[in-house]
Structure formats: structure tokens, C-alpha cells
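The values are calculated or read from the model by the stated rules, or taken from the named source; none is laboratory data. It should be emphasised that the depicted structure is a prediction, and the values quoted were computed from it without experimental measurement. Note that each Cβ is placed from the backbone with ideal geometry, even for glycine, and that neighbours are counted across all protein chains shown. Ligands, DNA and RNA are stripped out before the accessible areas are found, and what is left, the full protein with its side chains, is counted by its heavy atoms. Shrake-Rupley method; radii C 1.70, N 1.55, O 1.52, S 1.80 Å.
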Amino acid sequence: MSETKKANIFVRATKAIGGYFRELKSELKKVTWPSFKQIRNNTGVVITAIIVVAAIVALLDFAFQYIFGLFLK
């Protein structure tokens, strides 16, 4: 019987890590990066959405607090 000897764990790990970074580099070359204008517009949309949601949550919190206060009286 012919047994093939596996490479050392450190050799296999080094090859796996190297392969990972080679694949990572090739995938990053395929990415279409947004322009500064797109980033600025998207950031504005996110900040606006956060403010709107925070306002809705605050209004609901005050309303439920008021209603709950009426039940406790």
C-alpha cells in the first residue's frame, strides 16, 4: 500500500491563508466602488431615516407613557 504523506499542518495553513488572500484580492478588483457623491447622498438618506424613526419611537413612547399613566390613576 502506498500512503501519501500529508504536508505539515503549518504548511497547509500557510497555503490556505495565502489562497484566501489571493482570492480576496481578485474579488476586490471586481467591486464597483461608489463615487463620493453617491456616498454623501446615501449617508444623508440613512441619517434622515434614523431621525424619522427616532421621532416616531419617541412619539409612541410619550403616547404609551401618557396612556399608561391614565390607567394608574
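Given a cut-off of 16 Å, what percent of all Cα-Cα pairs of the chain lie beyond it? The proportion of pairs with Cα distances above 16 Å equals 76 percent. Solvent-accessible surface of the chain, taken per residue with a 1.4 Å probe and all protein chains present: 101 Å².
For the chain, the longest principal axis of the alpha carbon atoms and the long axis of helix 36-72 meet at an angle near 50°. The angle between the Cα long axis of helix 9-30 and the longest principal axis of the Cα atoms of the chain comes to about 60 degrees, rounded to the nearest 10.
To put it simply, the accessible area of the chain at a 1.4 Å probe is 70 percent carbon and sulfur. Extending 7 Å from Cα along the Cβ direction at Gln38 and again at Val53 yields two label points whose distance is 2.3 nm.
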